Amino acid sequence: SKGNHRHYMLKEIYEQPVVVAQTLRSYLRRMEDQVSLPVPDFDLGTIRRVTIVACGTSYYAGMVAKYWFEQLARVPADVDVASEFRYRAPVMEDGGLMIVISQSGETADTLAALRHARSEGQKIAAVVNVPTSTMAREADLLLPTHAGPEIGVASTKAFTCQLAVLAAFAANLARAKGRLDAKAEKELVRHLAEAPAALNAALAYDESIEAMAHLIAVARDVLYLGRGPDYPLALEGALKLKEISYIHAEGYAAGEMKHGPIALIDDKVPVIVLAPSGPLFEKTVSNMQEVQARGGKVVLISDYDGVQAAGEGCIATITMPKVHPLIAPMVYAVPVQLLAYHVAVAKGTDVDQPRNLAKSVTVE
Ligand code: F6R
């Protein structure tokens, strides 16, 4: 049931601190400050390349995970949308691991990619939310998300749980490759374990996000900008807004603005900037200022320090808790979900059953 919530989507957004904690509990051994994953019947240390394949929101989780596999484990990682992967004769060498990511575990294109990779001798790991699904059954290594049933068509809690699993798995692979010593692992586990509380803190901004939704609800087009692991979040924010409010939205890597999209900027196109303070902050802010210099209306999503440093001149700011960069993509999922939700409610659309969309896409 929806409980006290008006829509399943809102209920599921609010469940995130609990379901992410639930998911992390099965992947972290807090007492020993270690990640703890199911042991596959192949040696993780022999994995030389990771290929991540998924669709939609699950694909964006894969884009975030690419940073982790490369940064933590130093294993080359490719990410592809499943419908593209299958038809481009991808090179799959020995020592390759395919990771499929899917809430339902039934998405036709992702399943077909899994089967293709298996026939080419790849090991298969599946990050799925339905443990009895076809992908779960066909994988060599099952990495379940424990998000519970997701009813709203727009994916929310499955996404943050996918990120939790993928971060733990990247750490596990890093350890297997001899790239993560006990001290670094301990730090990483501590940061991951902070995610549920940080998600909770992010939810506290719900009312202020609701209060500014009207600024976005009147727009015909909206842009989202992010850098590094927050670039996929920009794509996710744009997808959520399109899906449930039917407002045209695009996500861009912040540095790409000046290579084309900045031509769209005028005072009618709100630009949502995702910029946690940290090593990439200054660069993203300078892209944001280029937008403002052309009359663009910016909504800055950052932490207290970031909003203090760059919030002036924005039409609105949303202040997130200050978190370690590892968990920022999880935490910043919350404001983009809530913003899409409140804009959709303001427009009066059917949030849980958007037009033309199905929860599980079992045709190619
Ligand atoms: C977006 C959304 C879709 C799914 C996509 C993949 O809100 O829900 O983009 O993420 O259809 O579905 P799964 O994860 O079940 O493979």
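Any residue in region 322-331 that is out of contact with any Asp or Glu (no Cβ under 7 Å at 6 or more places or on another chain), crowded, with 23+ Cβ neighbours inside 10 Å, assigned to a helix (DSSP H, G or I) and aliphatic (A, V, I, L, M)? There is at least one residue in region 322-331 that is out of contact with any Asp or Glu (no Cβ under 7 Å at 6 or more places or on another chain), crowded, with 23+ Cβ neighbours inside 10 Å, assigned to a helix (DSSP H, G or I) and aliphatic (A, V, I, L, M). Being within 12 Å of the ligand (Cβ to nearest atom), in contact (Cβ under 8 Å) with a residue 24 or more places away in the chain and more than 30 Å from I209 (Cβ to Cβ) is a property that does not hold for A61.
Just a yes or no: is a residue in region 254-265 closer than 16 Å to A328 by Cβ and modelled with pLDDT of 95 or more? Yes, the conditions are met somewhere in region 254-265. Just to be sure, is G178 in contact with a helix residue (DSSP H, G or I) (Cβ under 7 Å, 6 or more places away or on another chain) and either away from the ligand (no atom under 15 Å from the Cβ) or within 24 Å of V53 (Cβ to Cβ) (or both)? No.
Scanning region 237-253 for residues that are farther than 20 Å from V334 by Cβ and either within 16 Å of the ligand (Cβ to nearest atom) or touching an Asp or Glu at 6+ places or on another chain (Cβ under 7 Å) (or both) turns up Y246, H248, E250. With the requirement that a residue be surrounded by fewer than 24 Cβ atoms within 10 Å (Cβ to Cβ), farther than 15 Å from I52 by Cα and not charged (D, E, K, R), what does region 127-145 give you? Matches in region 127-145: V130, P131, T132, S133, T134, A136, P144. Regarding region 181-195, can at least one residue be identified that is closer than 18 Å to L300 by Cβ, under 23 Å from the mean Cα position of the chain (by Cα) and either part of a strand (DSSP E or B) or not polar (S, T, N, Q) (or both)? Looking through region 181-195, none of the residues is closer than 18 Å to L300 by Cβ, under 23 Å from the mean Cα position of the chain (by Cα) and either part of a strand (DSSP E or B) or not polar (S, T, N, Q) (or both).
Annotation: of all residues in region 146-167 being buried (at least 23 other Cβ atoms within 10 Å of the Cβ) and over 17 Å from G56 (Cα atoms), the one that is nearest to the ligand (Cβ to nearest atom) is A147. Of everything in region 70-83 that is more than 20 Å from A158 (Cα to Cα), out of contact with any Ser or Thr (no Cβ under 7 Å at 6 or more places or on another chain) and outside any loop (DSSP other than H, G, I, E, B), the residue that is nearest to the ligand (Cβ to nearest atom) is S83.
Does region 112-123 contain any residue that is more than 14 Å from the ligand (Cβ to nearest atom) and assigned to a strand (DSSP E or B)? So far as region 112-123 goes, yes, one or more of its residues are more than 14 Å from the ligand (Cβ to nearest atom) and assigned to a strand (DSSP E or B).
Within region 275-297, being surrounded by fewer than 18 Cβ atoms within 10 Å (Cβ to Cβ) and not in a helix (DSSP H, G or I) holds for P279, R294, G295.
Against the test of being farther than 22 Å from Y60 by Cα, among the β-branched types (V, I, T) and touching a helix residue (DSSP H, G or I) at 6+ places or on another chain (Cβ under 7 Å), the options V269, V218, V285, V273 yield a single qualifying residue, V285. Only residues that are within 18 Å of R227 (Cα to Cα) and either buried (at least 16 other Cβ atoms within 10 Å of the Cβ) or not acidic (D, E) (or both) were counted across region 298-313, and they come to 11.
Could you list, in sequence order, the residues of region 28-55 that are closer than 26 Å to P196 by Cβ, outside any strand (DSSP E or B) and in contact with an Asp or Glu (Cβ under 9 Å, 6 or more places away or on another chain)? Hit for region 28-55 is D33, nothing else. Could you tell me whether region 227-235 includes any residue that is surrounded by 16 or more Cβ atoms within 10 Å (Cβ to Cβ), within 18 Å of the chain's Cα centre (by Cα) and not in a helix (DSSP H, G or I)? Within region 227-235, one or more residues are surrounded by 16 or more Cβ atoms within 10 Å (Cβ to Cβ), within 18 Å of the chain's Cα centre (by Cα) and not in a helix (DSSP H, G or I).
The values are calculated or read from the model by the stated rules, or taken from the named source; none is laboratory data. It should be emphasised that the depicted structure is a prediction, and the values quoted were computed from it without experimental measurement. Please note: Cβ atoms are built from the backbone with ideal geometry, for glycine as well, and neighbour counts cover all protein chains shown.
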